[in-house]
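The values are calculated or read from the model by the stated rules, or taken from the named source; none is laboratory data. Keep in mind it's a predicted model, so treat the numbers as computed, not measured. In this analysis, Cβ positions are derived from the backbone assuming ideal geometry, glycine residues included, and neighbour counts consider all displayed protein chains.
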Amino acid sequence: MELNIKKIKEQAFEEIEEIKSSEEWQEIRNKYFSRKSGELAKLIKDVKEVSDDLKPKFGTLVNQVKEEIGSALDQKWAELEKDQSKNLDKDFIDVTLNIDKYKLGHLHPMTQIQTELEDIFKSMGFMILDGPELESDYYNFEALNIPSWHPARDAQDTFYVEELPNSGKEKLVLRTHTSPVQVRAMQKYGAPLRCVVPGRVFRNEATDASHDHTFYQLEGLMIDKDISIANLVAVMKEMLSAIFKQEVKVRLRPGYFPFVEPGFELDFGCLICQGNGCSVCKQTGWIEFVGSGMVHPNVLKYGGIDPDKWSGFAFGLGTTRLVMMKYSIDDIRLLQSGDLRFLNQF
Ligand code: FA5
């Protein structure tokens, strides 16, 4: 009996020494401590079989071995836990690690400003509309009071799409401005009407630091009873102050556009020199920014709106120029260059 107890103790210690995982630990623990079939339970049964005078001796011995195996198992468990936390240290992921290498993209500065403008106008009750970039000659010119013989067509030369002979299709042009959506919106929604139309426009012209062949505009139109130039100025000031986060001065100069009467060029006070004169404002203290005016009665009629009952203002601002001013960009062509060294600055 004594020999058997010794053998089981040695075997248990050997097996505990070999344990590598919590699963193995559990297996060995069951092997010795299981109440029904465990090795120690078997030894206790054997003690019951021995003569009464030997029972205390073997009983004490079995309890002693039971304690020794139990504490060897406890010690092994502590070692396993320590190893596990060492492994966790090895697998640790530093979530604060600088991931500059994998830079996420971002919105183009044009899109950023366009979204900002849309939010500002939405807050003043304007709808955001869209129109076709490939536009009919009719909406781009005719319906804006610019018939085919009109000299104003020269100011906005564009790219014409060749018609198929006898196709009966409308003559198409790459739109030169966002103004064609004025008449489209009037026809669709009638009066009263408040909308802005952001979008891309095209002109057949030589490029320089402030002119591109493809650029962005935002058209604005407000038609209601008793609309006056004061409404136009108020809306422009509100929009500029929201974009530049400071109060901005505006001024109107007479300007000619066949689809407005009277027409204006609207300038704003240069924010780079605060109106004192610099190279950006060409020493004038003012930046040319928006074509605008009161919608011409003929255009209202093209849109199906009675000019005796309704009046309105319209404007077309150069969004690309606004972006240049906001971020002090000195060459418009950079914006469409696709050059990441430029774009990553925004
Ligand atoms: C027009 O396009 C008129 N449709 C604006 C208008 C709308 C007037 C409603 C009255 C009522 P203009 O050609 O001036 O106007 O262009 C408007 C703005 O677009 C300019 O003030 C300027 O900011 C911008 N712009 C014009 N040409 C270019 C160009 N080549 N490159 C970049 N921006 C330009």
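Here is how the numbers come out for the structure above:
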item: Elements of type strands (runs of 3 or more DSSP E) in segment 241-305, at least 1 residues being more than 14 Å from the ligand (Cβ to nearest atom) and hydrophobic (A, V, I, L, M, F, W, C); result: none
item: Qualifying residues in segment 254-293 (those that are out of contact with any Gly (no Cβ under 9 Å at 6 or more places or on another chain) and farther than 30 Å from F141 by Cα) - the one surrounded by the fewest Cβ atoms within 10 Å (Cβ to Cβ); result: S279
item: Enumeration of residues in segment 119-132 that are surrounded by 14 or more Cβ atoms within 10 Å (Cβ to Cβ) and closer than 13 Å to H177 by Cα; result: G131, P132
item: Qualifying residue in segment 314-332 (condition: in a loop (DSSP other than H, G, I, E, B), more than 34 Å from the chain's Cα centre (by Cα) and polar (S, T, N, Q)); result: no
item: Some residue of segment 218-229 being among the β-branched types (V, I, T), in a helix (DSSP H, G or I) and within 13 Å of the ligand (Cβ to nearest atom); result: yes
item: Residue match in segment 117-127 (condition: of a type outside the set (G, A, S), within 16 Å of the ligand (Cβ to nearest atom) and outside any loop (DSSP other than H, G, I, E, B)); result: yes
item: Residue under evaluation A206, criteria (1) in a helix (DSSP H, G or I); (2) within 14 Å of the ligand (Cβ to nearest atom); (3) out of contact with any strand residue (DSSP E or B) (no Cβ under 8 Å at 6 or more places or on another chain), criterion not met; result: (1)
item: Top-ranked residue of segment 213-236 - restricted to ones that are acidic (D, E) and surrounded by fewer than 22 Cβ atoms within 10 Å (Cβ to Cβ), ranked as nearest to the chain's Cα centre (by Cα); result: D224
item: Hey, D137 more than 12 Å from the ligand (Cβ to nearest atom), modelled with pLDDT under 95 and assigned by TED's automatic domain parsing to the domain that holds K122 or not; result: yes
item: Single condition C195 does not satisfy, out of (1) within 11 Å of the ligand (Cβ to nearest atom); (2) under 16 Å from V299 (Cβ atoms); result: (1)
item: Selection count, segment 138-161, where residues are assigned to a helix (DSSP H, G or I) and either more than 22 Å from E261 (Cα to Cα) or of a type outside the set (D, E, K, R) (or both); result: 7
item: Among the residues listed as Q182, Q187, the single one being within 9 Å of the ligand (Cβ to nearest atom) and in a helix (DSSP H, G or I); result: Q182
item: Filtered residues of segment 34-46 (kept if touching a helix residue (DSSP H, G or I) at 6+ places or on another chain (Cβ under 6 Å) and in contact (Cβ under 8 Å) with a residue 24 or more places away in the chain); result: E39, L40, L43
